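K.L.:
Below: one structure in C-alpha cells.
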Amino acid sequence: MYCRFGWLCALWLGVFALTPVRAQSSRGDMTLINGRIYSDLGLWGAKQGFRSRWNPTTGELRMTNRWASLEFKTDTARVEYDGTLLWLEYPVAVERGRPYIAQRDLDLTLMPLLKPGKLPTGRHIRRIALSAGHGGKDPGNMEGSRQEKTFTLKLAKELAQRLRAAGFEVIQVRERDEFVPLDERPEMANRLKADLYLALHFNGAGSGGGSSSAQGAETFALTLPNGRSTHGGTSSGPQPGNRFDRDNLLLAYQIHRAVLNSMDLMDRGVKRANFAELRGTRMPAAYLEGGFMDHPDDLRRIVSDRERGKLADAIVDGIQAYKRLVERE
Ligand SMILES: [Zn+2]
C-alpha cells in the first residue's frame, strides 16, 4: 500500500480529481521556493491526465496514466520515468503540505520526454557519430592491465557494425588506438554533418583495486543553459546549453532506458553534465558510461564480448527509439 492513512489518501485523490477546474482558474498552482518558480506537482499531473498517489510519510509520489508512470520522492531530485531513473535539477519540495516541482524541471526535463511530439519536425537520423572514449596516450580508467580506451573502441566497432546493418551511416571519431583531443571529436562530427553524436565510456570510482562500491550505467545530456549539472561534480559556472537541449535529454533517456532494460546493470540515472564532447556538438548528443571498470561485476561485463554485444544491441534499440520519436513530418 502506498498510503497508510486511508482518509488522507482519499483527501489527496479527491483534491487531484478536482484539479483541472482549479488549475484553469488561477495561478494558485505556483509558488516561489528559494526564489525559484515551483508548480504544484499534483495539479500539474492532473492536467497531464495522471492519477496521483502521495504518501506524505515516505514522500513517495506515484503518477500513472495510460502511457506513462512517474515516481517522485519529495526532498530528492530523483524521478523514475517508466521505471528508468533520471535526475531533476532541483529536489521536489513540500510546501503547505503539498509536493511542488521546479517549473524548469517540468519544462526542460519532464515535458520533452512526455511530449516529444512538441520537438521540431521533419528531421532525419541517418548519420551517427561514435566517439570511443580516450585512446593513444590517454588510457582512461584503468583496472590492472585493462584500459578503458581498449573497451570503448571495441564497443564502438561492435556498435558501428550493428548500426550499419540497421541502415545507418557511421562516423567513427577514432578507429584505432590513437589520441584524439576532446574538442576535435565533436568538431569532426560537425564537419561531417552527423545527425546524432554518442560518446562511449566506462566509468571508474578511482579505487584502483577492483573493489569500488560504485557500479552501474549512467547517461549524460548537456547541462541546461544556466542550469545545474546533476552528475555530482562541481559546476563550472553558467552554461550556454545548446539548441538541442530537449533532444539531448530525449536521446540520453532513450539510450539509457534501452541499456537498462536489456542489461543487468544498476541504474544510476540520466544526468546533466557540462562535458566538452557534449558542449561542442551541433547535433543532439549523449554520453554513455556503460559500467565501472573498478567494480568486479561491471568489469566482467565490460571485458566480455558477449555482454558488450548485448550492450551494443541495446544502444541500437535506444537510437532507433529516439529516431522513431523525432522523425515526424
Ligand atoms: Zn572515459
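Rule-based calculations on the coordinates, nothing more; no lab input. Everything numeric here is computed off the predicted structure, so don't read it as measured data. Note that we place each Cβ from the backbone using ideal geometry, even for glycine, and neighbour counts take in every protein chain shown.
K.L.:
When the Cα centres of region 42-80 and region 145-187 are compared, how far apart do they sit, in Å?
P.N.:
39 Å
K.L.:
Taking just the C-alpha trace of region 26-84, give me its Rg and Dmax in Å.
P.N.:
Answer for region 26-84, Rg first and Dmax second: 12.0, 35 Å.
K.L.:
Take peptides 282-292, 265-275, 195-205, 156-166 and line them up by average Cβ neighbours within 10 Å, highest first, as a rough protection proxy.
P.N.:
On the way: 282-292: 25.8, 265-275: 22.3, 195-205: 24.2, 156-166: 17.3.
Answer by packing, highest mean first, reads 282-292, 195-205, 265-275, 156-166.
K.L.:
Of all DSSP beta bridges located in the chain, what percent are antiparallel, nearest 5? Show your work: numbers first, answer last.
P.N.:
Values: 33 of 55 bridges.
Around 60 percent of the beta bridges assigned by DSSP in the chain are antiparallel ones.
K.L.:
So for region 217-329: antiparallel DSSP bridges make up what percent, rounded to the nearest 5?
P.N.:
35 percent
K.L.:
Could you tell me the number of lysine pairs in region 127-326 with C-alpha atoms less than 17 Å from each other, where the two lysines are 8 or more residues apart or belong to different chains?
P.N.:
Within region 127-326, the lysine pair count is 5.
K.L.:
Taking amide hydrogens as modeled 1.01 Å from N in the peptide plane, which residues meet the under 5 Å criterion relative to residue 291, leaving out close sequence neighbours?
P.N.:
Result for residue 291 returns 203, 218.
K.L.:
Which FRET efficiency value, to the nearest 0.05, do you get for residue 126 and residue 37 by plugging their Cβ-Cβ distance into 1/(1 + (r/R0)^6) with R0 = 35 Å?
P.N.:
According to the calculation, E is roughly 0.35.
K.L.:
Then there's this: Based on the alpha-carbon set only, what is the convex hull volume of the chain divided per residue, in Å³? Don't jump to the answer; show the numbers that get you there.
P.N.:
On the way: hull volume 48.1 nm³, N = 329.
Measuring per residue, one finds 146 Å³ for the Cα hull of the chain.
K.L.:
When the helix-only estimate is applied to the chain (DSSP H runs of n ≥ 4, each -39,500 (n - 2.57), divided by the residue count), what is the mean residue ellipticity at 222 nm, nearest 500 deg cm²/dmol? Mind showing how you got there, number by number?
P.N.:
Working: 10 runs with 108 residues, N = 329.
Calculated at 222 nm, the ellipticity per residue is -10000 deg cm²/dmol.
K.L.:
Once you treat every alpha carbon in region 89-142 as an equal point and sum by Debye, what is log10 I(q)/I(0) at q = 0.32 Å⁻¹?
P.N.:
With one equal scatterer per Cα and no solvent, log10 I(q)/I(0) is -1.19.
K.L.:
Let me ask you something else. Taking 0.36 nm per intervening residue step and subtracting the Cα-Cα distance, what contour gain separates residue 178 from residue 67 on full extension?
P.N.:
Stretched out fully, the residue 178 to residue 67 stretch lengthens by 35.4 nm.
K.L.:
For region 80-219, what size does the Cα cloud have along each of its three principal axes, sorted from largest down, in whole Å?
P.N.:
57, 47, 27
K.L.:
Compute the relative contact order of the chain as a whole-number percentage, counting only Cα pairs closer than 8 Å that sit 6 or more residues apart in sequence.
P.N.:
Values: 680 pairs, mean separation 57.0, N = 329.
Across the chain, relative contact order equals 17 percent.
K.L.:
With 10 Å bins from zero, work out the P(r) of region 51-107 over every alpha carbon pair and list the percent per bin.
P.N.:
Spelled out per bin, shortest first, that is 24, 59, 17.
K.L.:
What fraction of the DSSP beta bridges in region 94-208 is antiparallel, stated in percent and rounded to the nearest 5?
P.N.:
Beta bridges within region 94-208, antiparallel portion: roughly 35 percent.
K.L.:
Among 67, 42, 93, which residue has its Cα positioned farthest towards the positive end of the charge dipole of region 26-145, with +1 placed on the Cβ of Lys and Arg, -1 on the Cβ of Asp and Glu, and the dipole taken about the Cα centre?
P.N.:
Among 67, 42, 93, the one farthest towards the positive end of the dipole of region 26-145 is 67.
K.L.:
Under a no-solvent Debye model with one identical scatterer per Cα of region 19-139, what's log10 I(q)/I(0) at q = 0.21 Å⁻¹?
P.N.:
For the requested q values the scattering log ratios are -1.22.
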